[in-house]
Amino acid sequence: MRYATPNRSAHRATPALDLSLLIRRLPRASAGQHRQHPRTQARRRRHVWREPYPTMHLLTRGLAALIVLGICMTLGFLIVADERSAPATRDQGLVSRAADPEPLTVPEAFPAGAGGYRVENALVQTDCTVAVTGDLQSTLSGYGCSQAVRAVLTVPDGGYEVTAGILNLADSQSATAVADRVRVLVETGDGSFTGMSGGPMPPGTPIGWRARGHYLIYCAITAPGGGPVPIQGDPRLPQITGHLLDTYLSDEVLGRRG
């Protein structure tokens, strides 16, 4: 079988491929993209330069918060320091017996109706050891106790009897040392306070004490006649102790000297 082949005239009739059409249809991405790329980068760079502004705003707010916190902490420190220095300033006249040489008296410490209590008996003694038992006797002698001012008080409702006292020591350091020693000896049972008769307090007697200046103040609560407290959990017991030691003996009696 033969295949027909076009003659020369047929070849001439076939139109030639127009390369210009192909060139026109080709995309012009290369040149255009390179011309637009710097502008795009410039826009992005301008956008990046705007980002520090929110960061600086946050840093400024954080710095302001730190400044406010520092001011608050400084004010708190000054307030605490003032509160801590207030007792020292208040007790300048009670820092030692040399600064407060006048001896205590019964009318000064336990006048009639002292603190709203009925005063049954009161006296001043120069031998402080009669007011305590056990190792507290040598403790008071070693810290230069010169006076024991004591009284028996009756609580207004008649349910309790209180033995209260003020011990006159050499200085505030001595009073603090004796107060710390009382805590140890009372807890171990190696020392305590006595009643007006000189006998020891009954077991379980509620006892309270404080150091104020060069004085040690204390109280022991018993039943009428010096017997054991009938109700150990009575909420009136800490109220009596707080009122007698903090309000009356500390603020009213010794406060007048400070």
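The values are calculated or read from the model by the stated rules, or taken from the named source; none is laboratory data. If you're wondering where the values come from, they're calculated on a predicted model, not measured in any experiment. Counting neighbours? That spans all protein chains shown, and the Cβs are built from the backbone with ideal geometry, glycine included. Protein only, heavy atoms only, side chains kept; ligands, DNA and RNA dropped before computing areas. Shrake-Rupley method; radii C 1.70, N 1.55, O 1.52, S 1.80 Å.
In table form, for the structure just shown:
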| read-out | value |
| --- | --- |
| Pair list, Cβ < 6 Å and 6+ apart or interchain, from segment 230-258 residues that are modelled with pLDDT of 95 or more to residues that are open to solvent by 20 Å² or more (accessible area, probe 1.4 Å) | LEU245/ARG210; TYR248/GLY115 |
| Enumerated strands (runs of 3 or more DSSP E) restricted to segment 121-189, each holding at least 1 residues that are at pLDDT 95 or above and under 15 Å from PRO103 (Cβ atoms) | 147-154, 161-168 |
| Qualifying positions in segment 143-159 - in contact with a strand residue (DSSP E or B) (Cβ under 7 Å, 6 or more places away or on another chain) and without any contact (Cβ under 8 Å) to a residue 24 or more places away in the chain | none |
| Residues located in segment 167-187, provided they are touching a residue at least 12 places away in the same chain (Cβ under 8 Å), under 25 Å from PRO203 (Cβ atoms) and among the hydrophobic types (A, V, I, L, M, F, W, C) | LEU167, VAL178, ALA179, VAL182, LEU185, VAL186 |
| Residue in segment 217-240 that is closer than 24 Å to PRO107 by Cα, touching a helix residue (DSSP H, G or I) at 6+ places or on another chain (Cβ under 7 Å) and open to solvent by 10 Å² or more (accessible area, probe 1.4 Å) present | no |
| Criterion: aliphatic (A, V, I, L, M) and surrounded by fewer than 18 Cβ atoms within 10 Å (Cβ to Cβ) - qualifying residue of VAL162, VAL152, VAL184, VAL178 | VAL184 |
| Close pairs from segment 86-100: first under 11 Å from LEU169 (Cα atoms) and at pLDDT 65 or above, partner acidic (Asp, Glu) and open to solvent by less than 30 Å² (accessible area, probe 1.4 Å), Cβ under 7 Å, at least 6 apart | LEU94/ASP100 |
| Single match in ASP190, ASP246 (criterion: more than 24 Å from ASN121 (Cα to Cα) and open to solvent by 20 Å² or more (accessible area, probe 1.4 Å)) | ASP190 |
| Residues of segment 118-145 satisfying the condition of being more than 13 Å from ALA177 (Cβ to Cβ) and crowded, with 22+ Cβ neighbours inside 10 Å | CYS128, ALA131, VAL132 |
